[in-house]
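Asker: Starting off with a structure, shown below.
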Amino acid sequence: MEIIEDLDGWRRRFDEWKRSGDAGRTDDVGTNYPFVHNRRAPFKPARRALPMLNLALISSAGAYIDGTQPFASDSDASFREIPIEVEGADLRYAARGYEAVAVQQDMNSEVPIERLLEFENNGIIGQLNPVFWSFSGFLPDAGLLVAELVPKLLGRLNRYEVQATLIVPASRLCHQSCALLARAIELAGVPTMMLAVEREVVETVRPPRAAYYNGELGSVAGRPN
């Protein structure tokens, strides 16, 4: 199974979109953007219950530690590895495609570290991985994400022996980026769960699992505080 089914066909549609006026936007892909269409979703059954698993968090909110290198542009397929001890006041965000008001008030709106640590303390999850990963999910070039970000991030997940992942998007386009990442992680043998507030995009890209609710972009993990 492919992360992007019919990659050549999607690439042709993407090249057509790049020649349109929408491609010049810096915060929105417009109405003609060719979202990835997948027909099937990979699925890896969880072999153990959550209280026995090392759970990792991945956020597409573009979080980085203040004073470190920010994300450069909508073609930046890098990610940041951040200790879970980080304070919310020390985080900055490359907020492309969403408003950063909520996450600036409370990082748990997009980076729910404190909530997951509560889950750990209450035995809902076995443990929260000691670092989380963040990338800027406003990546129109889905092929770039698959070719560059995916293999490097999979290497880090393997390094930390991650056994399950929770993936939290921030913008509408982030839902595509996160769904593709979820497919890749699942294909690598690690069960994933993705939160979602953009149902149409998620159902089109088809991650293995998604928990949808009628929420808002920029606070997909919950309203501030």
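Asker: Checking the conditions here, which among Leu117, Leu157 is out of contact with any Asp or Glu (no Cβ under 6 Å at 6 or more places or on another chain), more than 26 Å from Pro45 (Cβ to Cβ) and of a type outside the set (Gly, Ala, Ser)?
Answerer: The conditions single out Leu117.
Asker: Within the stretch 100-131, take every residue that is of a type in the set (Gly, Ala, Ser) and surrounded by fewer than 18 Cβ atoms within 10 Å (Cβ to Cβ) and give me the one that is nearest to the chain's Cα centre (by Cα).
Answerer: By that ranking, first place goes to Gly126.
Asker: Then there's this: Would you be able to tell me the number of residues in the stretch 95-116 that are modelled with pLDDT under 95 and either under 18 Å from Asp66 (Cα atoms) or of a type in the set (Phe, Trp, Tyr) (or both)?
Answerer: The total comes to 2.
Asker: Out of Leu180, Leu157, Leu166, Leu153, which single residue is at pLDDT 95 or above, of a type outside the set (D, E, K, R) and more than 22 Å from Leu116 (Cβ to Cβ)? It would help to see each step written out before you state the result.
Answerer: Working: Leu157 fails: more than 22 Å from Leu116 (Cβ to Cβ); Leu166 fails: more than 22 Å from Leu116 (Cβ to Cβ); Leu153 fails: more than 22 Å from Leu116 (Cβ to Cβ).
Step by step, each of Leu180, Leu157, Leu166, Leu153 is checked, and only Leu180 is at pLDDT 95 or above, of a type outside the set (D, E, K, R) and more than 22 Å from Leu116 (Cβ to Cβ).
Asker: Another question, if that's okay. Mind listing whichever residues of the stretch 65-82 are outside any strand (DSSP E or B) and touching a helix residue (DSSP H, G or I) at 6+ places or on another chain (Cβ under 6 Å)?
Answerer: Hits for the stretch 65-82 are Asp66, Ala77.
Asker: Starting from residues that are surrounded by fewer than 14 Cβ atoms within 10 Å (Cβ to Cβ), small (Gly, Ala, Ser) and at pLDDT below 95, keep the ones in the stretch 1-45 and report whichever is nearest to Asn122 (Cα to Cα).
Answerer: Gly30
Asker: Kindly list, by first and then second residue, each pair from a residue in the stretch 70-92 that is among the polar types (S, T, N, Q) to a residue that is assigned to a helix (DSSP H, G or I), limited to pairs with Cβ atoms under 9 Å and residues at least 6 apart or on different chains.
Answerer: Ser75/Leu144; Ser78/Glu148; Ser78/Leu149; Ser78/Lys152
The values are calculated or read from the model by the stated rules, or taken from the named source; none is laboratory data. These numbers come from a predicted model, not from an experiment. Neighbour counts are summed over all protein chains in view; Cβ atoms, including those assigned to glycine, are modelled from backbone coordinates with ideal geometry.
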